[in-house]
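Here the structure comes first, spelled out in structure tokens, and everything after it is commentary.
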Amino acid sequence: MIYSESDLIELKEILNDSLEKEVIGFLNTLGGTIFLGIKDDGTICGVDDIDKVILKIADRIKNNILPSPMGLFHIKISEDNNKQIIVLSVAGGLEKPYYLKKYGMTPNGCFIRIGTQTSPMPQSQIDNLFSRRVINTLHNVVAPNQSLTFAQLKIYYQEKGFEVDNEYFLRNLDLYTEDGKFNYVAYLMADNNGNSIKVARFKGTEKLDILERNEYGRCCLIKSAYSVLEKLDVINTTVVRVGGEARRKEYRLVNKDALREAVLNAIIHNDYINGSYPVFEIYDDRIEVISSGGLPVGLTIEEFFNGRSLPRNKELMRIFSDMELCEQLGSGMKKIMKYYTKDDFEISEHFITVKFKYNKDALSILGNVNGNVNGSVNGLSIIELKIIEMLKNYNTINLTTLAKKLDIGQRSLSRYIKTLKEKQIIQRIGSDKTGYWKVSY
């Protein structure tokens, strides 16, 4: 990779006193990336004692910059030319102006990125940004319920190796307002809340005849996100074209990576303050991902498609990053745009909709040129194919869990299982408790 400085890239040979200044410059615009361990001329020199340096970077950003930039930066280690470098990605913030704590909102404390330079911000611009500052962020909005518990959240963090039993756990996640009350982030992460994410399936290609409606919510938002991802993964059927081993090819109705990024983007960047929640709609020819709030103030449509990052909910961004559910800031849009185009998006003042049309080859294999995915393949219904796929991936699964994953009733599932057994496609080896499924398809 060739490295050169621009309005989006800053190169630093070593960690020096200008780190906070460069970070603030990106926070006050639309973000950028700082590469540490690379000279101004692009020569890679690497970073020594890299883990210690990363801890220093995180500590300095957290403690020396206001408003809190937590959730607006991401640090990772990369390797180039057999040398380790630090990649610090910074998103633009909604609570501009950001500034050095010790200098306050003055030209000595506020900076802005212009071209390849980070320059002091004029006082008039500081005052203008402050007057327009977005204060209705999740961090500042008091939770409608102050009797909150976080058992689910703690389990997720424990599984990632975090310490959750100390008194600072919730405070470090910015779950309190300035006056010590639980904020709306805490409400979304609590075990019980009013959050409700809807997944609806319709017959045909119009919103006329609903086949099923699922709600994933009233619980920790992380749990809801996993449930939505799992549900859509079941819907997003894998089909196979077989013409000899060398010509075998698998297709998904929708690109799996792009759909995952769109789902997580919708959940993380949704405008929850206005009481709206993400919606996911399934049709016979497409899956639609809908989030409320439109584009954040200060982000243009062109910048949005170019992957510029201006997170609406920085606290959610930070938590989902801890859960490894989102990667480098701005990378989600790049993944989606790798497989889809601007024409697949509808952006209005209040909503962003992504329409994932089903792969034509997959629909062709499904044997229905009209795009009706309720058809059949090789004498098997789509639900039977999904059962087969699930049993291949989870061969010790019990029928109760399988029914939940497929969102169908136990009686219906039992009928499908009986039919597949009669066709000698599946076989249960051993007991219901300790046995496994054998699939011959």
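Derivation of every value follows stated rules applied to the coordinates shown; laboratory data play no part. The model shown is predicted, which means the values in this text are computed figures rather than measured ones. Counting neighbours? That spans all protein chains shown, and the Cβs are built from the backbone with ideal geometry, glycine included.
General observations
- Long-range amide H partners of His139 with built H, under 5 Å: none
- R0 of 35 Å, Cβ-Cβ distance Asn398-Asp165: FRET efficiency to nearest 0.05: 0.55
- For the chain, a crude dipole built from +1 on the beta carbon of Lys and Arg and -1 on the beta carbon of Asp and Glu, taken about the Cα centre, is about 1700 debye to the nearest 20.
- Among Leu173, Leu72, Leu221, residue whose mean-square fluctuation peaks in a GNM of the chain (springs only between Cα atoms under 10 Å): Leu173
- The alpha-carbon atoms of the chain define a convex hull whose volume equals 188 cubic angstrom per residue.
- Around the amide H of Tyr176, modelled in the peptide plane, lie the amide H atoms of Asn183, all under 5 Å away and 5 or more residues distant in sequence or on another chain.
- Proximal charge balance of Met70 [Cβ under 9 Å; K/R count +1, D/E count -1]: +1
- Cα gyration tensor category, rounded, prolate or oblate, for the range 135-376 with a/c compared to 1.5: prolate
- The mean sequence separation of alpha-carbon pairs under 8 Å and at least six residues apart, normalised by the residue count of the range 9-131, gives a relative contact order of 30 percent.
- Phi-based couplings in Hz for the range 170-179 (Karplus 6.51, -1.76, 1.60; Gly and Pro marked x): 5, 5, 5, 8, 6, 8, 10, 6, 4, 9
- Springs between Cα atoms under 10 Å define the GNM used for the chain, and in it the highest mean-square fluctuation of Asn172, Asn359, Asn255 occurs at Asn172.
- Structural descriptor for the range 381-441: relative contact order 38 percent, calculated from alpha carbon pairs under 8 angstrom and at least 6 residues apart.
- Each other residue within a Cβ distance under 15 Å of Leu19 adds +1 if Lys or Arg and -1 if Asp or Glu, for a net charge of +3.
- Sequence ranges 395-405, 186-196, ranked by mean other-Cβ count within 10 angstrom, highest first: 186-196, 395-405
- Taking every alpha-carbon pair under 8 Å whose residues sit at least 6 apart, the chain reaches a relative contact order of 12 percent.
- Approximating the spin labels as points 7 Å out from Cα along Cα→Cβ, the Val297-to-Leu55 distance works out to 4.0 nm.
- Within a straight-line Cα-Cα reach of under 26 Å, Lys392 can be paired with the following lysines, leaving aside sequence neighbours fewer than 8 residues apart in one chain: Lys223, Lys231, Lys249, Lys256, Lys360, Lys404, Lys405, Lys418, Lys421, Lys423, Lys433, Lys438.
- Among 122-129, 153-160, 285-292, the order from most to least packed when residues are scored by Cβ within 10 Å on average: 285-292, 153-160, 122-129
- Principal-axis analysis of the Cα atoms of the chain puts helix 221-235 at an angle of about 40° to the longest axis.
- Rounded to the nearest 10 degrees, the angle from helix 410-422 to the longest Cα principal axis of the chain is 60 degrees.
- Within the chain, percent of DSSP bridges classed antiparallel, to nearest 5: 85 percent
- Ellipticity estimate at 222 nm from DSSP helix runs (n ≥ 4, -39,500 (n - 2.57)) divided over the chain, nearest 500: -9500 deg cm²/dmol
- Leading residue at positive end of dipole, the range 9-131 (Cβ point charges), from Leu36, Ile75, Tyr98: Tyr98
- Take each peptide in 309-320, 423-434, count the other Cβ atoms within 10 Å of every residue, and average; sorted highest first, the result is 309-320, 423-434.
- The chain: angle of helix 256-268 to the longest principal axis, Cα-based, in degrees nearest 10: 50 degrees
- The residues neighbouring Thr400, those whose beta-carbon lies less than 15 Å from its own, together hold a net charge of +3 under the Lys/Arg +1, Asp/Glu -1 convention.
- Those lysines that a straight Cα-Cα span of less than 27 Å connects to Lys101, excepting residues fewer than 8 apart in one chain: Lys12, Lys21, Lys52, Lys56, Lys62, Lys76, Lys181, Lys314
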